[in-house]
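The values are calculated or read from the model by the stated rules, or taken from the named source; none is laboratory data. Every value quoted in this text rests on a predicted model; they were computed, and no experiment measured them. FYI the Cβ positions are ideal-geometry reconstructions off the backbone, even for glycines, and counts take in every protein chain you see. Surface areas here come from the heavy atoms of the whole protein model, side chains and all, with no ligands, DNA or RNA. Shrake-Rupley method; radii C 1.70, N 1.55, O 1.52, S 1.80 Å.
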Amino acid sequence: MIACGCNVCISDHKKDKRLRTSILVESATTTLVVDTTPDFRCQMLRESVSKLDAVLFTHPHKDHTAGMDDVRAYNFFGGHSMPVYANKMTIDALMREFAYVFADKKYPGVPSITLHPITLEPFVIGDIPVIPVMVWHLHMPVLGFRFGSFTYITDANRIDAEEKQKIKGTKTLVLNALRREPHISHYSLDEAVALAQEFKVERAYFTHISHQLGRHGAVEASLPPGMHLAWDGLVLHV
Ligand SMILES: [Zn+2]
Ligand SMILES: [Zn+2]
């Protein structure tokens, strides 16, 4: 957190260095990211991601969309417009907040984006099947995504019973857990642990972690078996 001197923010440990929340999903042929955070450029540089085939968005909050401008590098080197998959609410926000990208007369060099509106119907990107899962971020419907036995859910504090059905059978679950204290629009750590137990997943990783949650080492040691605090650069094979 900018200007914060708390125990986490002054930590030198790499697992206490938390950029904004996003994942990269890679198959033999296809690479996509879920969300382009304000840290998207740093994250792609850090991981040397040389190819990106698509972007999926969970919801239009700025900590998940602000980095979209930097897909222009993949336009240049990939030689294609970037396919962006999002629901109507998020597409409306992108068109408003990145108006220059979608203008009729574009300034040379602006990102090239091809919008693909999605609903809750499953779809496929390259060889990666995607099942959208609708979750609640207070009053905002946010999309989680299931890829085979892996499910990624961020920015949720409630999931309807029908949507929970789509998550059943997940082996690896990534779920948001902001801090220990309750929050109006995010799961607390206890709520996230309870939900992971409800789904009986083999392993759960908690993400979208605030500095208020405490240092990685202490929180990790407090978690039940099979549950972990995610960290920046974590790689999972699923
Ligand atoms: Zn802090
Ligand atoms: Zn967020």
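Sort out which residues of the stretch 199-218 are over 18 Å from His183 (Cα atoms) and of a type outside the set (D, E, K, R), and write them in order of number. Matches in the stretch 199-218: Phe199, Val201, Ala204, Tyr205, His216, Gly217, Ala218. Annotation: Gly126 fulfils all but one of (1) in contact (Cβ under 8 Å) with a residue 12 or more places away in the chain; (2) more than 28 Å from Pro83 (Cα to Cα); (3) surrounded by fewer than 17 Cβ atoms within 10 Å (Cβ to Cβ); the unmet one is (2). Taking first residues from the stretch 53-72 that are part of a strand (DSSP E or B) and partners that are at pLDDT below 95, no Cβ contact under 8 Å between residues at least 6 apart in sequence or on separate chains turns up.
A single entry from Ala28, Ala54, Ala66 fulfils the requirement of being of a type in the set (A, V, I, L, M), more than 16 Å from ligand 2 (Cβ to nearest atom) and within 23 Å of Gly109 (Cα to Cα): Ala54.
Of the candidates Val49, Val8, the single residue that is away from ligand 2 (no atom under 16 Å from the Cβ), farther than 19 Å from Ala93 by Cα and open to solvent by less than 20 Å² (accessible area, probe 1.4 Å) is Val8.
Per-residue answers, yes or no, for (1) under 20 Å from the mean Cα position of the chain (by Cα); (2) at pLDDT 95 or above; (3) closer than 27 Å to Trp136 by Cα; (4) not polar (S, T, N, Q):
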{"residue": "Ala54", "(1), (2), (3), (4)": "yes, yes, yes, yes"}
{"residue": "Ala73", "(1), (2), (3), (4)": "no, yes, no, yes"}
{"residue": "Pro83", "(1), (2), (3), (4)": "yes, yes, yes, yes"}
{"residue": "Thr90", "(1), (2), (3), (4)": "yes, yes, yes, no"}
{"residue": "Arg96", "(1), (2), (3), (4)": "no, yes, yes, yes"}
{"residue": "Leu120", "(1), (2), (3), (4)": "yes, yes, yes, yes"}
